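Here's the structure we're looking at; comments come further down.
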Amino acid sequence: MIEIYHVSKSFQGRQALHDVNLKIEKGEFVYLTGASGAGKTTLLRLVFRAETPDEGHILVNNRNLSELKGSAVPYLRRSIGIIFQDFRLLPRKTVFENVAITLKVVGVSEGLLRGKVFEALRLVGLDKLQKALPSTLSAGEQQRVCLARAIVNDPLILLADEPTSNLDAALSTEIMDLLKAVNLRGTTVVVATHNANLMARQNRRMIILEHGRVLESRAGEA
Amino acid sequence: MTTVRYLLSEAVDNIKTNRTTTVTAVITTAFTMLGMGVFLLLYLNIQGVLGSLHEEIKVIVYFRDFVSPQAMTALRMKLRDDAAVSGIEFVTREQALDSFRNRFPSEERLLNGLGENPFPASLVLKIVPRFRTSQAVADLVQKLQALPEVEEVLYNRDLIENLAAGLRYLRLLGILVGAVLAASMVTILANTIRLTLYARREDIEILRLIGATPGFIKTPFLLEGAVLGGLGAAGSLLLLRAAFGFAETKMALHGSFWGLGATLSFLPARLMAAMVILGVMLGFLGSIVSLGQLRDVRR
């Protein structure tokens, strides 16, 4: 599903990634871990083409991102759900509208849109808070809205960048359980995190980055 | 349909969100377009006045003394078929004399001294509007002067040339003023949209990341610019109408304008519609200018 070949990336002379090689299969649940500045976020940003590599190339669902035209990037992103550490919700939109925007971008009809948004909100347990504004929600609830927005379009891949860093242990477990549920539906899930406890509780494949290099790729059992 | 409704609601949302900026932009735009409107109104009314002066353009053809009435009639018939001539008035020698006596009664003794009627018969030609240019009238005069029956041809050359030059300069000035004001309006609206874009930069980034196309992201801002431009133009028309009404009543400008006989009139409906459309288009252009400078939307 995601293939990374000899990818290097630097920002203003600072090497963020160095000769990274990785392969993530369809339906996998993978942790991407390492200290702050190890290159986790950069790697995720390369996968959804927010950045382009200086060297090497990346295949997502057999499409070479280096050969992807700028006009095709939105269509690539529609097949990828993204969860951000800082939620990135639209502050003036309700919970429903924040989730629905993913489908409006694609041009889904009003009837289908309502059903899918409601289903996604029910999955994350927010179907009762459809009309609430993000500012009235707790951090955990905001992250669940972000998750609902990322999965409402049934993406092939779900990328989560430090999805639990702003949450306490109980809420973190809740979010991780939701990510597992999404993975069980067949979505490839990549979670960038440095939360060792979280990873220890779930025995999944772990890719460890250090100073922009893949230090270790450890297979999980689940 | 969902997308169209969403894009429209986003445009309205943008306008509501930045209410102060929007109101300021509409007012500024209205006053800018008011400048255009005032100029257009003046141009149309001055053109009307000059148009009425055009009616004064006449060519007088004086017959030689020996020309028979039959020959005069033949020339009248011939000129009636001329494309440049819209009307002919025949003035006999007697009518010319009477006219002189009526206009200059104190000069009666001059005529008594001459003994016989010194005035020639003449034809007064009215000219078809499209032939009221100095060149067309000069061509007609030259043609008439070559005729054996004709003693002399007179026409108000200066009036024709001054009118043509006046209208030309007025039109040129109008284009210059219009261009400057249009550029100002585009700049004002571009800056307004730029403020909206700045206020919504986070939203734009989110839309990009969830796979929105540049068209989807840009459309609400383009619509916002168009709506602001249209509202500004409509506002300018209201201001212009109010100012026109005030001028009509308070300055007692009813009826003739500077004694030149033309009636003052407001902009016709098609011109008002054109001004609103122009406002919409300039607003749209202002948005394009702002969006063109925004890297985030294009990526």
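Observations
- Only residues that are surrounded by fewer than 17 Cβ atoms within 10 Å (Cβ to Cβ) and part of a strand (DSSP E or B) were counted in the stretch B:24-59, giving 1.
- Entirely in the stretch A:1-47, the strands (runs of 3 or more DSSP E) that have 1 or more residues that are surrounded by fewer than 23 Cβ atoms within 10 Å (Cβ to Cβ) and in contact with a Pro (Cβ under 7 Å, 6 or more places away or on another chain): A:2-11
- Residue in the stretch B:102-113 that is surrounded by 13 or more Cβ atoms within 10 Å (Cβ to Cβ) and either touching a strand residue (DSSP E or B) at 6+ places or on another chain (Cβ under 6 Å) or modelled with pLDDT of 80 or more (or both) present: no
- Residue match in the stretch A:50-58 (condition: within 14 Å of chain B (Cβ to nearest Cβ), in contact with a Lys or Arg (Cβ under 7 Å, 6 or more places away or on another chain) and farther than 30 Å from residue A:129 by Cα): yes
Here's the yes/no breakdown for (1) out of contact with any strand residue (DSSP E or B) (no Cβ under 8 Å at 6 or more places or on another chain); (2) more than 14 Å from chain B (Cβ to nearest Cβ); (3) of a type outside the set (D, E, K, R):
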| site | (1), (2), (3) |
| --- | --- |
| A:64 | no, yes, yes |
| A:68 | yes, no, yes |
| A:86 | yes, no, no |
| A:89 | yes, no, yes |
| A:93 | yes, no, no |
| A:98 | yes, no, yes |
| A:114 | yes, no, no |
| A:122 | yes, yes, no |
| A:134 | yes, no, yes |
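- Residue match in the stretch B:196-215 (condition: away from every other protein chain (no Cβ under 14 Å) and buried (at least 18 other Cβ atoms within 10 Å of the Cβ)): yes
- Among the residues of the stretch B:179-195, those that are small (Gly, Ala, Ser) and surrounded by fewer than 16 Cβ atoms within 10 Å (Cβ to Cβ) comprise B:179, B:183.
- Residues of the stretch A:48-89 that turn out to be free of Cβ contacts under 8 Å to residues at least 12 places away in the same chain, part of a loop (DSSP other than H, G, I, E, B) and among the polar types (S, T, N, Q), as a count: 1
- So residue B:92, is it at pLDDT 80 or above, over 38 Å from the mean Cα position of the chain (by Cα) and among the polar types (S, T, N, Q): yes
- In summary, residue A:111 fulfils each of the numbered conditions (1) outside any loop (DSSP other than H, G, I, E, B); (2) surrounded by 18 or more Cβ atoms within 10 Å (Cβ to Cβ); (3) at pLDDT below 90 with the single exception of condition (2).
The values are calculated or read from the model by the stated rules, or taken from the named source; none is laboratory data. This is a predicted model, so every value here is computed, not measured. Note that each Cβ is placed from the backbone with ideal geometry, even for glycine, and that neighbours are counted across all protein chains shown.
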